[in-house]
Amino acid sequence: MTDRDRYPGYDVLAKRHSLSWNDATRKAMDARLGVPREPRFLSQAEWATLVAICERIVPQPTSRPPVPLAGYIDQKLNDDARSGFRNAALPPQREAWKKGLAAFEAEARLRHDMSFHCLDGERQDELLRCAEAGRSDASAWDGMEASLFFSEHVMNDIIAAYYAHPTSWNEIGFGGPAGPRGYVRMRRNRRDPWEPVEAGSGDEARVRRENMRVR
Amino acid sequence: MSDDPMTTPRAMRGRAPDVFHPGGWVPMKEYPQREPVDFVVIGTGAGGGPLIARLAERGYAVIGFDAGPYFRPLEDFASDETSQSQLFWTDERLVDGANPLRLGSNNSGRAVGGSTVHYAMVSLRFRPEWFKSRTLLGYGADWPLDWQEMWRYYAQAERDLAIAGPVSYPWGPKRPRYPYRAHEINGAAEVLARGAEAMGYQWAETPLATVSAPRGESPPCVYRGFCRVGCSTNAKQSQLVTYIPRALAAGAEIRDLAMVGRIAVDAAGRACGVHYHRNGAWHFQAARNVIVAGYAIETPRLLLNSATDRFPEGLANGSGLVGRYLMTQSNQAVYGVMDEIVRWNKGPPSLTITEHWNYEDRKDFHGGYCWMAQGPLPVEWSAALSGSRRLWGAALREKMGDYNHQVGLKMVGEMLPHFDNRVSLADETDRYGLPIARVTYSWHDNDKAMIQHALGEMQRSLELVGARDIWRQENDTNHLAGTARMGSDGKSSVVDADCRSWDIPNLWICDGSVFPTTGGVNPSLTITAIALRTADRICELHRAGDLRF
Ligand SMILES: Cc1cc2nc3c(=O)[nH]c(=O)nc-3n(C[C@H](O)[C@H](O)[C@H](O)COP(=O)(O)OP(=O)(O)OC[C@H]3O[C@@H](n4cnc5c(N)ncnc54)[C@H](O)[C@@H]3O)c2cc1C
Ligand code: SF4
């Protein structure tokens, strides 16, 4: 995958000690960055399937440490942190995730005689797309609606975990935490000095230098 | 002792948090449980907050209960979408129907101050005709309220909340100047303005409940844009920093982390107190009057969960309408990409508005809608983008890269009341052992026609300002209303114009659930205006001898 660096040199964490962060934010970010890298709720086998799914839902460049997405899902399940509503056709989230991971594994075995996490990316995508479209093998899903699980959990939970991580904010040029300082320059094409600069073609080196100064 | 507001109550031992000073406290009166207080108010949000304050200011003994924590915004609130989910009602609720609602962060707060702690502060008045939409516009149901009287209470609410708005508002009958000047608009809001002008529609700076200049201990808004996950500067005029401090100063007590599980009724069929869970145990508070203000899901749930032999269908439910006529508002959007850098997350999310289609009746569906500028934070934005466009993998990351160029217009539209859209009790129970709510919702033809109309209009507006890569978010809904509608008789409604239940004279309901129709604007200011009116009416009824103490 070609990854254009739109905000070269920008690191939102460099603002940690600026007026854009308060103690509550530092505490929340420390917890975010310290997510366990080993499963506490899921089994090793479920974890392997989950890691593989996360890599397909949000593929990440190899040029920087990846956001440990599976860790956030396991943490959410371990804490049983819920969203406040559940489609009546789905079981509670812990059960839903366990069932869903087992289903992807069962389908991989059924169709390819291999573990999901051992399949190549294309085949994994194909199984994910089948679930998304509700074309999965019902016998593997034990009564759970695959497309609903895919949209409510696979998509929602994994994508939310990625865009809650500072690494993704660097990528999209989001200013990140902003209290108590806030912003001053509100209009289009205006930038506060504590916001990143977007690189155009050919000015990457200059932009990188400028973004290194963003605090 | 732990100072985690999520697990340990803070309003205790004669004091409550001083939200304006880190570590500070203000004195708080405490009432004994055995002796009945004049009023127990369940819920401290848009409806409960002003009621508690006004009743205490009139000299009544009042306790406000909230299932949620008592936050200190200056210390507790991070600039972070994910960790701030502490503000939302995240206990399980089941959703079904043809268009299951999304709850939690979308519309359900749980905190002292209720959903106003995380709301987007948009503070609008109803179009006058909506109070008689059945008679004057041919749809929905009439309210038993008079718009001119409401106009006075709107003005009072706008003063109490120091609303910042334009010098003259383009739609509807004359209204006084907003107490604070309008906020500067951001790049995304300017796109709405240019688009509206290109269509020949009027637009305005959105009246907002965040101050544009200092007010008491609130500093002016600093445009950090995290309003929907809590304002860490206290610029936002939520009930937590307005009516609740007033209530405490006037002698009200607040009980935080206090979940009311049941309203008790005596042998004469009158409400006599509440059973509530706090500090790990159930307690009973005696009361002469009980006012429910838990919003459109928890209010009917509590009334249904309080069923007795005498009231087997739940309290105040002689009409069978408790939980019925639930309404949400359509919240569809159209998004596009601009060549310039916009950075739409700067400032409150909805700085400009057009109410054109609320006041224009030449259309082929009932009800009205407005649209506003948008500025979602990354997690919310990624959910909209991935959910609506079915994007994942490399394609999602690519589109997310346009974040700082993105603009959007989002409607708030009037969905019509339907008997079958409802809140009922499920078989599952929550951590207190109480049956949880089942929320059933389906869109009807009129709702769908309005949504398509609005999407077409918003799309045209974005095309006219030169946005590219335009797409429609077809599925979103937001605010809730209905489930304990007010009306003019006990057969077709749950409460009267004074928010008093028809069945039990000392049981009142005063929150978003009393709306018979929901209008094409955000509901909070109307909820607050009704609560201010109800407080006045209670005093009048008391003076007239129509209230027993
Ligand atoms: C993200 C978001 C943005 C919004 N933006 C706007 C906006 O810009 N403008 C606008 O007008 N509206 C907005 N709203 C909607 C607005 O917040 C609500 O309509 C309004 O707050 C509802 O008022 P209420 O008094 O009925 O209930 P709430 O304000 O929700 O208060 C209810 C309170 O009751 C408590 N409670 C419930 N049941 C119990 C019980 N059994 N025991 C104890 N306590 C209980 C809850 O914990 C809660 O704190 C927004 C909502 C959300 C979620
Ligand atoms: S933009 Fe203003 S109201 Fe919103 S969180 Fe920031 S200071 Fe508060």
Given a Förster distance of 56 Å, the FRET efficiency implied by the Cβ-Cβ spacing of B:Leu464 and B:Arg13, rounded to the nearest 0.05, works out to 0.40
Within 10 Å of each Cβ of A:87-94, how many other protein chain Cβ atoms are there on average? 3
Roughly how tilted is helix B:295-305, in degrees to the nearest 10 and between 0 and 90, from the longest Cα axis of chain B? 30
Cα-projected label distance for B:Gln452 with B:Asp146, points at 7 Å along beta-carbon direction, nm: 4.2
Quick one: order A:Thr49, B:Thr210 by neighbouring beta-carbon count within 10 Å, fewest to most. A:Thr49, B:Thr210
Rounded if a/c under 1.5, otherwise prolate or oblate - the range B:355-508, Cα gyration tensor axes: oblate
Under the Karplus relation with 6.51, -1.76 and 1.60 and θ = phi - 60°, whole-Hz ³J(HN,Hα) for the range B:88-97, x at Gly and Pro, equal 9, 7, 10, 5, 5, 9, 8, 10, 8, x
What is the range A:32-167 by shape, rounded, prolate or oblate, if you read a ≥ b ≥ c off the alpha carbon gyration tensor as root eigenvalues and call it rounded for a/c under 1.5, prolate for a/b larger than b/c, and oblate otherwise? oblate
Which one, A:Ile159, A:Leu50, A:His112, projects farthest toward the positive side of the charge dipole computed for the range A:32-167 from Cβ point charges (K/R +1, D/E -1)? A:Ile159
Quick check: residue separation of B:Tyr359 and B:Asp266 times 0.36 nm, minus the Cα distance between them. What number comes out in nm? 28.7 nm
Which trypsin sites (Lys or Arg not before Pro) from the range B:305-386 combine a DSSP loop assignment with at most 12 other Cβ atoms within 10 Å? B:Arg310, B:Arg362
Taking the simple approach of a point 7 Å from Cα along Cα-to-Cβ for both A:Arg208 and A:Val35, what is their distance in nm? 2.9
Report the Cys residues of chain B lacking a disulfide-compatible partner, meaning no second Cys Cβ under 4.7 Å from their Cβ. B:Cys221, B:Cys227, B:Cys231, B:Cys272, B:Cys370, B:Cys539
As straight-line cross-link partners of B:Lys236, the qualifying lysines (C-alpha separation under 29 Å, not fewer than 8 residues apart within one chain) are A:Lys15, A:Lys27, B:Lys29, B:Lys174, B:Lys346, B:Lys410
With a point put 7 Å past each Cα toward its Cβ, work out how far B:Tyr139 is from B:Gln33 in nm, to one decimal. 4.9
If you take every DSSP beta bridge whose two residues both sit in the range B:400-549, what share of them, in percent to the nearest 5, is antiparallel? 90
Given 0.36 nm per residue, what is the gain on full extension from A:His17 to A:Arg215 after removing their alpha carbon distance, in nm? 70.4 nm
Shielding score for B:86-92, defined as the mean number of other chain Cβ atoms within 10 Å: 3
Of all beta bridges DSSP finds with both residues in chain B, what is the antiparallel percent, to the nearest 5? 70
Angle check, please: helix B:445-464 long axis (alpha carbons) against the longest principal axis of chain B (alpha carbons), in degrees 0 to 90, nearest 10. 40
To the nearest Å, what is the center-to-center distance of the range B:90-158 and the range B:337-382, using C-alpha atoms only? 18
Within the range B:160-261, DSSP-loop trypsin sites (Lys or Arg not before Pro) with at most 15 other C-beta atoms within 10 Å are B:Lys174, B:Arg177
With a ≥ b ≥ c the root eigenvalues of the C-alpha gyration tensor of the range B:15-543, is it rounded (a/c under 1.5), prolate (a/b larger than b/c) or oblate? prolate
Treating the angle as unsigned and between 0 and 90°, give the value, to the nearest 10°, between the Cα long axis of helix B:378-389 and the longest Cα principal axis of chain B. 70
Provide the percentage of antiparallel DSSP beta bridges, counting only those with both residues in the protein assembly as shown; round to the nearest 5. 70
Using amide H atoms built 1.01 Å from N in the peptide plane, name the residues 5+ places from B:His479, or on other chains, whose amide H lies under 5 Å from its own. B:Gln329
FRET efficiency estimate (nearest 0.05) - Cβ-Cβ, B:Glu217 to A:Arg26, R0 35 angstrom: 0.90
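Every number in this text was worked out from the coordinates using simple rules, so none of it is lab data. Because the structure is predicted, anything quoted here is derived from the model rather than measured. Here Cβ is always computed from backbone atoms with ideal geometry, including for glycine, and neighbour counts include all displayed protein chains.
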